[in-house]
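Okay, structure first, notes after.
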Protein chains: 4
Amino acid sequence: MVGGGIGAFIGDVHRKAAALDGEIELVCGAFSSNPERSKKSGRQLYLPEERIYETYEQMFEAESRLPEGERMDLVSVVTPNHMHFPPAKMALEKGFHVVCDKPMTVTLEEAKKLQKLVNDTGQLFALTHNYTGYPMVKQARQMIADGSLGTIRKVVAEYPQGWLSSQLEGEGNKQASWRTDPKKAGPAGAMGDIGTHAENLAEYVTGLQISELCADLGHVVPGRQLDDDGNILLRFEGGARGVLHASQISIGEENNLKLFVYGDRAGLEWRQEEPNTLLLKHPDRPTDIYRTGVDHEYLTESALAHTRIPSGHPEGFIEAFANIYRNVALTLRSRLEGKQPDPIHNDFPDVDDGVRGMAFLETVISSGGSDKKWTPFRSV
Amino acid sequence: MVGGGIGAFIGDVHRKAAALDGEIELVCGAFSSNPERSKKSGRQLYLPEERIYETYEQMFEAESRLPEGERMDLVSVVTPNHMHFPPAKMALEKGFHVVCDKPMTVTLEEAKKLQKLVNDTGQLFALTHNYTGYPMVKQARQMIADGSLGTIRKVVAEYPQGWLSSQLEGEGNKQASWRTDPKKAGPAGAMGDIGTHAENLAEYVTGLQISELCADLGHVVPGRQLDDDGNILLRFEGGARGVLHASQISIGEENNLKLFVYGDRAGLEWRQEEPNTLLLKHPDRPTDIYRTGVDHEYLTESALAHTRIPSGHPEGFIEAFANIYRNVALTLRSRLEGKQPDPIHNDFPDVDDGVRGMAFLETVISSGGSDKKWTPFRSV
Amino acid sequence: MVGGGIGAFIGDVHRKAAALDGEIELVCGAFSSNPERSKKSGRQLYLPEERIYETYEQMFEAESRLPEGERMDLVSVVTPNHMHFPPAKMALEKGFHVVCDKPMTVTLEEAKKLQKLVNDTGQLFALTHNYTGYPMVKQARQMIADGSLGTIRKVVAEYPQGWLSSQLEGEGNKQASWRTDPKKAGPAGAMGDIGTHAENLAEYVTGLQISELCADLGHVVPGRQLDDDGNILLRFEGGARGVLHASQISIGEENNLKLFVYGDRAGLEWRQEEPNTLLLKHPDRPTDIYRTGVDHEYLTESALAHTRIPSGHPEGFIEAFANIYRNVALTLRSRLEGKQPDPIHNDFPDVDDGVRGMAFLETVISSGGSDKKWTPFRSV
Amino acid sequence: MVGGGIGAFIGDVHRKAAALDGEIELVCGAFSSNPERSKKSGRQLYLPEERIYETYEQMFEAESRLPEGERMDLVSVVTPNHMHFPPAKMALEKGFHVVCDKPMTVTLEEAKKLQKLVNDTGQLFALTHNYTGYPMVKQARQMIADGSLGTIRKVVAEYPQGWLSSQLEGEGNKQASWRTDPKKAGPAGAMGDIGTHAENLAEYVTGLQISELCADLGHVVPGRQLDDDGNILLRFEGGARGVLHASQISIGEENNLKLFVYGDRAGLEWRQEEPNTLLLKHPDRPTDIYRTGVDHEYLTESALAHTRIPSGHPEGFIEAFANIYRNVALTLRSRLEGKQPDPIHNDFPDVDDGVRGMAFLETVISSGGSDKKWTPFRSV
């Protein structure tokens, strides 16, 4: 693991997610740019001294010299945004598979370099757009692919948070500080931190790509350098219209990611804060409440494969995150055993989603500064 | 009453709303452009033959010749949009007070003529943007006016319906037919029918006016002449940003009007389908669930004045509609008694809201056809 | 109308409910045991002086002397419980039809006298167990009658309120005072006021009668003479088991009447505070959300006949109450026109429900005082 | 680990729960009464051959011979009910700490033997009444202990499930088979499987013990030997009344454990299927929505200590289960380090809860067969 030292939110989530299913073991790490903190963190995680590294460069060096079977197979990059690219690049070059946090990089150019590297090396690369790991998101995607909703006409993706409603970054809040600092977060604030999740979710579930958009970005909290609120009109290939709004100044909201998709046959609604429920809305009969649970045989194969326990036993954020790690682990195992990966598990956000995410950010920022209504969204 | 013959949805709602509190009595009507249907409708309503009129012109004539106290005081115009202006204008000219359905007219020009007429005659004119009659909407408006939310930063108004997802107007559905016919509905479809409600609600609750907007209108169902879907970016005076989307092709949705307002101190959420609940969201303490009920002394004076029964006894759409009629009746009574109207009841959408609604429609349509991102929204 | 003077909660609800659909007109009343208050109340209701009576005896006398067509047809008895029997009895004897509030009387003996009188005179008698007027309750009853739930196995009826959690009757609260006074409320407190609603609802929806029960009644608030909390085990004819608990000391609860019914094929859930939704729960497919609305053709004929407006336009407590008045009015009209009443409208709680309610109260009180587990529940 | 071989539901949950926080490592196991299955299961879990045992006796023997630091510290007993007592007893005798699934044993006598053994040996013993591991349950318990609800007056604990609505045990369903077989499940069915959870939750949250009860047990599904439905009236020490009903034939219900507690100052509501929300209901102000989240500083220290991630990132069943394992691990570590255990983590269901659970079952069964209304509930 690169990053994720003591007190880091997302690093800890990555560790729990990787540990949950017993398929992945944490064997080494460089947990901080500060060698002391890295050591301290590693010890707290019960790692042997010799595999707690002071820098990720050192770690890649040392691990690649270990005999196969002993060395780490997979590295998780869980640093702030600006430090995703360097270790991810080096990991791929050194022959390690990579799980990287989002947004993948801070520029589209970096993103495309990683894309090329992944294509050239053929290594696994997973990007933790973790919300696509939820069983009901798999269910939604499959139902749309199967035509249950008919032709998609409208998509509404909403991601209100309120935790940056005040100038937390000025109060020494670690999470807030780097996310609002262009040098660490990159060119986008809320759009990069959560807007890309909403974009990725909308495209993953509908199977449609956004073709053009019109963005209004706000820098609402006085003194904030990066966007903390954004409202976007969407046009999808094939003609569907949509709205995406994401905000970190929607005061009093927690992590209220919502998705509404309307076709010409049915509509659906999903809310991340109650992730085990999916509503399927019909024009002529009662709305169906789809619910997670290994006992719900009416669910699609993929939804069931990403569920662990019977219905009514809620699975949450960590389980969804773990689904990405488990899919990577199972896909990796198939490869190592020379087997064809199971498509149901070979299903996690990858380097192409990362490129698309960075293209989204550049498009949104360009649209935000433009007087033209529509800005085309292309990732190639 | 003008319009609202047998089988008309909204005419019947107006009658029930007017009857609910025993302050208004239906004494006469011209219920249809078809004299036969008008007669038939009047009889079903137990009106005396002589006060069931064949045309509204005839009604205004005859009623104005009746001695005061016997003649009607107030006329309700509940015809399709294109027939709002003529009877409303004549009623005002003949000295009757008017309750008119929305949108007020089919052009901004007509709207301004009514505005001038109301200002000149001093008669009462109410526009049934009925959603502002809900107690929790009064509560929300008052809390914002009192500063409970602080400075408003973001407003999201959503109005998804699904009933026009298919080409109902081709299947002889009366409600669908006139609403999708430019000659009867005017220049706007979904925007006129429900978009204006969302605009009126957002401005009424926040006390802020939209200063510019960016609209993407859709004519989604094949063969439909008017918009049936619209997504709009909003900018408010004072700098708040917002999103308004309204749709009649959000399949499976019923009448799911929702309002979210975020300030720098707190946020609120209200949903018309569960109108007796209002959420107040705080950055640092649990969300409050405000609920209607005459026993809830924590509610504002205005919310209590628009509630009839104790908490847990749901009040609905008709009660909210009736609040507008009751406010008109009580305000009218005060005038007749030469008293100062109670500001709590002298609170209903009026001719200025109607002008603003028509300006909104013209702005939205113009923005929808424009390549420029922002179109200013002015009603004067 | 008998009772329901200024400030009375339920009298006002009766008037609004009767007025809503324009089928019933308030023509006279004796609104209070205090002649002054009766006069004052009548005037506020715009009644002619000569038809505002000082006593109900006087009213029945005077009205029965009026020519048919002018005299009132139907009397509403909305007094405190102990004053239901005398005016109801006299009304029936004088040839008037009756709508009476619940519980019907204060003793089973009185109830049976009214039952005999109704059977002998053949007049209409309706008891306002208003919750059975909700469209979704009609839907639930019909689905069970149609076998959609299969054989009923378990019934849970819950009616928590919190408004009597403190000794309001000691603080001059009019509603609290008579409801907690054995001389006015009769032998039961919460059980009479709301427990009978839960019993009536459970039996109406399931079509099953409770055959025996085991009650634990509480007099929780110090100084209270009547029960304010009750928990009851139920056995139904045919073997279904159940639980009924009703309380007025469930602090913080509003009017949270809930019904859960489980058969061997499906289960259902209904909550009065969100009355337009009914959940149908299946063992092997997603739960269905049934919703009121004249446009929902999937609803039963009876549910549709008790709905006024399209889906998503909430109908509430008053509309449900009005369904009982409208059913009485339409049934009465059929009779007056010598027609067979429409069974869909000839569906309202009647004198037999009233007898059953009083038998329920006597059974519950007897069980509450007994060491035996089961007490049989018989109404004949 | 004892039990929990391939395909076992609860054993897998135990493993994930133990793994989640990286405090506990699975080092050995006897996963099945069938040596082959045990081996196979162990290999799937990546255990070394020599520590996959054929029997638990063999495991305790071998492990106790290993040097400290290498041998297992803690054993999880996750077998069917009738096989809890023998391995738990032996583990304690051999000096291992124990985590045992519930119900603790099949007789009160066995339970008391374990209780004595724990008291004599001073070893840690945790019983996985996992629902008490939820942060909002900790919050509720603390608020009641702090007097926020005042004196408790009424408690309603409901646990409807529907999965045994049909005769699954006849269809080779492994979970259903042992749970409905008196030889494996013990004397109680639904009451043992979930009724004890409801009893434990009610007593844990309120801090009150049930003093007497009146039970009506049903054997609803034809051919079923054990209870599958139970409705119980409760009396608590101090005079509070309550209702507990638990069922596995409430068709269409998933795992709908709910708790309602009403005091003389406030009330609360918690639902396991949406476990991150706790409602605090007041007589005179809006209901508060308490929500989990490490960022919610308004939560009690204990609720925060049992939460991992920020608000709006749902934590579920496995996280609650993991809270019990983490508390055991942290308490054990404190002991090993000779420190005073942190009372916030030294908080998990123990052998006394297990004794109380068995006493509850014997009391419920005895009451179910009795004509007397009340049966005293004593665990000593």
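Couple of notes before you dig in:
- Annotation note: of C:137, C:99, C:106, the sole residue that is under 30 Å from residue C:266 (Cβ atoms) and β-branched (Val, Ile, Thr) is C:137.
- A count restricted to segment A:149-176 and to residues that are within 12 Å of chain B (Cβ to nearest Cβ), assigned to a loop (DSSP other than H, G, I, E, B) and either free of Cβ contacts under 8 Å to residues at least 60 places away in the same chain or polar (S, T, N, Q) (or both) stands at 5.
- Positions within segment A:58-69 being of a type in the set (D, E, K, R) and loosely packed, with under 15 Cβ neighbours inside 10 Å, in sequence order: A:61, A:65, A:68
- Enumeration of residues in segment A:22-43 that are assigned to a loop (DSSP other than H, G, I, E, B), hydroxyl-bearing (Ser, Thr, Tyr) and either touching a Gly at 6+ places or on another chain (Cβ under 8 Å) or within 30 Å of residue D:42 (Cβ to Cβ) (or both): A:32
- Test: residue in segment B:166-177 that is at pLDDT 95 or above and within 23 Å of residue B:271 (Cα to Cα): no
- Pairs where the first residue, in segment D:339-361, is more than 17 Å from residue D:102 (Cα to Cα) and the second is modelled with pLDDT of 95 or more and part of a helix (DSSP H, G or I), C-beta under 6 Å, 6+ apart: D:341/D:331; D:341/D:334; D:344/D:302; D:344/D:305; D:345/D:327; D:345/D:330; D:345/D:331; D:346/D:331
- Residue in segment C:136-147 that is in a strand (DSSP E or B) and buried (at least 21 other Cβ atoms within 10 Å of the Cβ) present: no
- Residue check, residue B:276 crowded, with 22+ Cβ neighbours inside 10 Å, more than 9 Å from chain A (Cβ to nearest Cβ) and out of contact with any helix residue (DSSP H, G or I) (no Cβ under 6 Å at 6 or more places or on another chain): yes
- Some residue of segment C:111-121 being more than 21 Å from residue C:14 (Cα to Cα), at pLDDT below 95, assigned to a helix (DSSP H, G or I) and over 20 Å from the mean Cα position of the chain (by Cα): no
- Count of segment C:148-180 residues which are of a type in the set (Lys, Arg) and surrounded by fewer than 19 Cβ atoms within 10 Å (Cβ to Cβ): 1
- Of residues in segment A:7-47 being surrounded by fewer than 17 Cβ atoms within 10 Å (Cβ to Cβ) and of a type in the set (Gly, Ala, Ser), the one nearest to residue A:173 (Cα to Cα): A:7
- When segment B:280-300 is filtered for residues that are in a strand (DSSP E or B) and among the acidic types (Asp, Glu), only B:288 remains.
- Only one of the numbered conditions (1) within 14 Å of chain A (Cβ to nearest Cβ); (2) modelled with pLDDT of 95 or more is violated by residue D:62, and that is (1).
- Being at the interface with another protein chain (Cβ under 7 Å from one of its Cβ atoms), modelled with pLDDT of 95 or more and touching a His at 6+ places or on another chain (Cβ under 7 Å) is a property that holds for residue B:252.
- Some residue of segment C:36-46 being under 18 Å from residue C:86 (Cβ atoms) and more than 14 Å from chain B (Cβ to nearest Cβ): yes
- Restricting segment A:280-306 to residues that are aliphatic (A, V, I, L, M) and surrounded by fewer than 19 Cβ atoms within 10 Å (Cβ to Cβ), the residue that is farthest from the other protein chains (Cβ to nearest Cβ): A:294
- Among the residues of segment B:76-91, none qualifies, meaning not one is at pLDDT below 95 and surrounded by fewer than 14 Cβ atoms within 10 Å (Cβ to Cβ).
- Search result, residues across segment B:44-59 that are part of a helix (DSSP H, G or I), modelled with pLDDT of 95 or more and among the polar types (S, T, N, Q): B:58
- Residue match in segment A:308-324 (condition: away from chain D (no Cβ under 14 Å), buried (at least 24 other Cβ atoms within 10 Å of the Cβ) and closer than 23 Å to residue A:101 by Cβ): yes
- Qualifying residue in segment B:125-140 (condition: without any contact (Cβ under 8 Å) to a residue 24 or more places away in the chain and under 30 Å from residue B:191 (Cα atoms)): no
- Considered as a group, the residues in segment D:1-17 that are in contact (Cβ under 8 Å) with a residue 60 or more places away in the chain, out of contact with any Gly (no Cβ under 8 Å at 6 or more places or on another chain) and more than 10 Å from chain A (Cβ to nearest Cβ) include one that is farthest from residue D:193 (Cα to Cα), and that residue is D:7.
- Checklist (1) out of contact with any His (no Cβ under 6 Å at 6 or more places or on another chain); (2) assigned to a helix (DSSP H, G or I) applied to residue D:330, failing item: (1)
The values are calculated or read from the model by the stated rules, or taken from the named source; none is laboratory data. All values derive from a computational prediction rather than experimental measurement. Because the Cβ atoms are built from the backbone with ideal geometry, glycine has one as well, and the counts that use them run over all protein chains shown.
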